[in-house]
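Please read the structure below before turning to the comments.
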Amino acid sequence: MPVYLIVGGFFGDEGKGSVVGYLALKDKVDICVRGGVGPNAGHTVNFKGKTYKLRQLPSGLVYENCRLLIGPGVLVNPDVLFKEIEDFGVDIRRIGVDKNVGIIEQEHIDREKGSNHLKRKIGSTLTGCGQANADRVLRVLKTAKDVDRLRPMITDVPEELWAAIDSNKRIIVEGTQGTFLSLYHGFYPYVTSKDVTAGTLCGDVGIGPKDVDEVVVVFKAYITRVGAGPLPGELPEEEVKRRGWEEYGTVTGRLRRAAPFNYDLARRAIRLNSATQIALTKLDVMFPKDKGKKRWDELSREAKEFVLEIEKNLGVPITIIRTGPDVFDAIDRREH
């Protein structure tokens with residue numbers, strides 16, 4: 001797996017962090033680089049009894065030999081970044097922050113908290129990402145090279161990636177949010193502050209589309225979203241709880257709205273991202289008796305039929321199936 005690109009297929013919350021963590025450990029990845037927006041997205045990985053809730057660092061950190069990079073298209077709140085480094089005991093020599101990463105300051109957070117439009121209509125995470133990206137467009141935003149605290153980690157991320165690609169090293173590009181939170185392809189205005197599909201993810205980290213070997217779109221077995229905006233097929237809160245689909249956002253702590261798997265959205269996500277593989281998460285929530293299964297032939301008939309129906313309708317192989325919260329609760333079908 002020289003270069004794998006991981007992108008969300010619905011509205012975020014698909015479980016990208018657990019997929020990245022699994023691949024990093026299973027394939028002994030050399031570099032994991034984060035693209036996407038910034039600390040408004042939380043990725044969760046459970047490994048060796050510890051829960052890693054990450055908003056800045058790539059989820060590949062659970063593999064100790066993996067270099068951790070943050071691409072130039074990403075926003076960084078230095079306070080959030082350094083708290084993660086401290087909380088998880090990460091050696092800063094593992095971390096590289098591109099010199100052109102945009103910097104979120106307190107004023108960006110304050111401006112968002114003061115916006116009724118963002119708070120009440122859009123349901124923003126109020127983490128300063130939108131205001132920081134607005135300043136970036138106006139060319140007044142500080143970048144990582146302007147922040148003394150970041151100086152020990154400053155690097156040229158594209159140069160590192162090009163050298164690794166030329167040496168045939170294993171790389172994961174980790175996206176954030178989901179396809180239908182894209183500024184261009186989502187349900188505007190209920191979207192994030194930039195595009196988050198596969199093409200832009202390449203630009204975020206500084207590689208070209210032809211450098212990518214596999215595009216893995218991550219779908220959950222059902223759909224959730226945080227905040228306002230359309231959610232086709234949305235279920236009442238009572239029904240969500242009855243089905244056991246009750247979840248809370250990693251960053252906001254808000255109850256996620258939920259709906260059944262949507263083939264129309266999934267097909268559109270496949271085309272928008274040129275998906276070559278699908279990772280399907282939370283199968284154990286749909287089929288509790290399959291929790292923790294690690295082999296295809298161990299799955300119940302109902303679970304197999306559910307997976308194969310999605311695969312048939314979308315025309316893309318489902319190669320990773322998540323069956324539980326632990327990073328290794330996965331069925332890996334790539335060899336088949």
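The values are calculated or read from the model by the stated rules, or taken from the named source; none is laboratory data. None of the values given here were measured: they were computed from a predicted structure. Cβ: placed from backbone, ideal geometry, glycine included. Neighbour counts: every protein chain shown. What goes into the accessible areas is simple: the full protein's heavy atoms, side chains included, and nothing from ligands, DNA or RNA. Shrake-Rupley method; radii C 1.70, N 1.55, O 1.52, S 1.80 Å.
Could you check the range 234-336 for strands (runs of 3 or more DSSP E) lying wholly inside it with 2 or more residues that are under 16 Å from residue 215 (Cα atoms) and modelled with pLDDT of 95 or more?
277-281, 318-322
Residues of the range 190-245 being over 30 Å from residue 156 (Cα atoms) and surrounded by 20 or more Cβ atoms within 10 Å (Cβ to Cβ), which ones?
Once the filter is applied, which keeps residues that are over 30 Å from residue 156 (Cα atoms) and surrounded by 20 or more Cβ atoms within 10 Å (Cβ to Cβ), the range 190-245 yields 219, 220, 221, 222, 223, 224, 225, 226, 227, 231, 240, 245.
Checking the structure you have, find out if any residue of the range 30-47 is open to solvent by 10 Å² or more (accessible area, probe 1.4 Å), at pLDDT 95 or above, of a type outside the set (Lys, Arg) and in a helix (DSSP H, G or I).
No, the conditions are met nowhere in the range 30-47.
Within the range 137-184, count every residue that is in contact with a Ser or Thr (Cβ under 7 Å, 6 or more places away or on another chain) and of a type in the set (Val, Ile, Thr).
The total comes to 1.
List the number of the failed condition for residue 279; all other conditions in (1) open to solvent by less than 30 Å² (accessible area, probe 1.4 Å); (2) in contact (Cβ under 8 Å) with a residue 24 or more places away in the chain; (3) more than 17 Å from residue 23 (Cβ to Cβ) hold.
Failing condition for residue 279: (3).
Can you tell me which residue within the range 69-110, out of those that are of a type in the set (Lys, Arg) and without any contact (Cβ under 8 Å) to a residue 12 or more places away in the chain, is farthest from residue 171 (Cα to Cα)? So that I can check it myself, show each step before the final result.
Residues of the range 69-110 that are of a type in the set (Lys, Arg), as a first pass: 83, 93-94, 99.
Narrowing further to those that are without any contact (Cβ under 8 Å) to a residue 12 or more places away in the chain: 83, 93.
Details: 83: 25, 93: 18 Å.
Selected residue: 83.
List pairs: first residue in the range 1-25 and open to solvent by less than 10 Å² (accessible area, probe 1.4 Å), second residue part of a helix (DSSP H, G or I) and of a type in the set (Lys, Arg) anywhere in the structure, Cβ distance under 8 angstrom, at least six positions apart or on different chains.
Hits for this filter: 6/16; 7/16; 8/16.
Provide a single number: the residues in the range 48-71 that are in contact with a Pro (Cβ under 7 Å, 6 or more places away or on another chain) and basic (Lys, Arg).
1
With the checklist (1) loosely packed, with under 14 Cβ neighbours inside 10 Å; (2) more than 26 Å from residue 187 (Cβ to Cβ) in hand, flag the one item residue 137 doesn't pass.
Every listed condition holds for residue 137 apart from (2).
Kindly list, by first and then second residue, each pair from a residue in the range 55-67 that is in contact (Cβ under 8 Å) with a residue 60 or more places away in the chain to a residue that is part of a loop (DSSP other than H, G, I, E, B) and surrounded by fewer than 22 Cβ atoms within 10 Å (Cβ to Cβ), limited to pairs with Cβ atoms under 6 Å and residues at least 6 apart or on different chains.
Filtered contacts from the range 55-67: 55/42.
Would you point out which residue out of 142, 113, 169 is touching a residue at least 40 places away in the same chain (Cβ under 8 Å), open to solvent by 50 Å² or more (accessible area, probe 1.4 Å) and more than 27 Å from residue 16 (Cα to Cα)?
That would be 142, the only listed residue that is touching a residue at least 40 places away in the same chain (Cβ under 8 Å), open to solvent by 50 Å² or more (accessible area, probe 1.4 Å) and more than 27 Å from residue 16 (Cα to Cα).
Checking the conditions here, which among 334, 295, 301 is surrounded by fewer than 19 Cβ atoms within 10 Å (Cβ to Cβ), more than 21 Å from the chain's Cα centre (by Cα) and in contact (Cβ under 8 Å) with a residue 12 or more places away in the chain?
295
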